[in-house]
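Each remark here refers to the structure printed beneath this line.
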Amino acid sequence: MGDAPGRREFVTTHWSLVVAAQGDDASQTRARAALEELCRAYWYPLYAFVRSRGYSATDAQDLTQAFFAQIIETRGLASAQRALGRFRSYLLGAMKHFLANEWHRARARKRGGQVRFIEWEALEPEARYAGALGLSHDPEHLFDREWALQTVAGALQTLRDEMAQAGKTEQFDALKGTLTGQDESPQDQIAARLGMSEGAVKVAVHRLRQRYRALLRQAVAQTVGNEADLDDEMRYLIAVLRRR
């Protein structure tokens, strides 16, 4: 892929749409839809960040809901338009500002006023948060780790869906450990289980890894504005997952 196609590709990412939004209704509508999609992927990392700052579960839910409602309802994108950057960094900075300056208003706007952006009852955030506490007590590290884990999980789910559509769910389940490093059974055992030759398994693993990397890169690309930031963000994601 040449330089020009790469630049055109980034014009249509979610974050680029948000930052490039103009004053006309059509542009604002596209930007709001893109922002909502980005925010839905970040609700839990932000919730974990707020909880680890010492807020109760109820207050963390109220604050996270109100934060998203404020950004989306008021089209609060002024700071985003001043610098493209990475959505992850923008969102965390905006939440820090919100916690420092908007506490009383957030309390008055119980769970984001009339907006139910997050349906907490179906998500069981406290169960996830309890499991994350053993990994880190630093709020920013916890945010970054949950962002990385959620990004990886989304790419894996997309890949599983693609494999299922191709009638290869069993193959995906047998080989997914080669993508995450969590369960790497000997390939001869996998081949026997799937009724494939070891050579065919090696080819399948290679193709699966290629597609997984592409999907992960696509997911991260939606949150940055150019290819240089994409490469940096990919390296950062890997570094966060390796950090202990």
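Descriptive notes on the structure:
Table: residues versus (1) over 27 Å from Arg128 (Cβ atoms); (2) surrounded by 16 or more Cβ atoms within 10 Å (Cβ to Cβ); (3) touching a residue at least 12 places away in the same chain (Cβ under 8 Å).
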{"residue": "Gly154", "(1), (2), (3)": "no, no, yes"}
{"residue": "Thr158", "(1), (2), (3)": "no, yes, yes"}
{"residue": "Gln165", "(1), (2), (3)": "yes, no, no"}
{"residue": "Ala200", "(1), (2), (3)": "yes, no, no"}
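- Of all the numbered requirements in (1) assigned to a helix (DSSP H, G or I); (2) at pLDDT below 85; (3) surrounded by 12 or more Cβ atoms within 10 Å (Cβ to Cβ), Ile118 misses one, and that requirement is (1).
- Conditions (1) modelled with pLDDT under 75; (2) of a type in the set (Lys, Arg); (3) surrounded by fewer than 19 Cβ atoms within 10 Å (Cβ to Cβ): number failed by Lys96: (1)
- Residues located in the range 202-244, provided they are aliphatic (A, V, I, L, M), in contact (Cβ under 8 Å) with a residue 60 or more places away in the chain and more than 21 Å from Phe143 (Cα to Cα): Leu215
- Residue list for the range 99-110, restricted to those being loosely packed, with under 14 Cβ neighbours inside 10 Å and modelled with pLDDT of 80 or more: Ala100
- Residue, modelled with the highest pLDDT, within the range 67-88, restricted to residues that are among the hydrophobic types (A, V, I, L, M, F, W, C) and not in a loop (DSSP other than H, G, I, E, B): Phe67
- Of residues in the range 25-66 being outside any helix (DSSP H, G or I) and of a type outside the set (Phe, Trp, Tyr), the one surrounded by the most Cβ atoms within 10 Å (Cβ to Cβ): Arg53
- Single match in Leu175, Leu179 (criterion: within 19 Å of Lys202 (Cβ to Cβ) and under 22 Å from the mean Cα position of the chain (by Cα)): Leu179
- Members of the range 124-148 that are among the hydrophobic types (A, V, I, L, M, F, W, C) and modelled with pLDDT of 90 or more: Phe143, Trp147, Ala148
The values are calculated or read from the model by the stated rules, or taken from the named source; none is laboratory data. In this text, all values refer to a predicted model and were calculated from it rather than measured experimentally. A quick note on method: Cβ atoms are made from the backbone with ideal geometry, for glycine too, and the neighbour counts reach across all protein chains shown.
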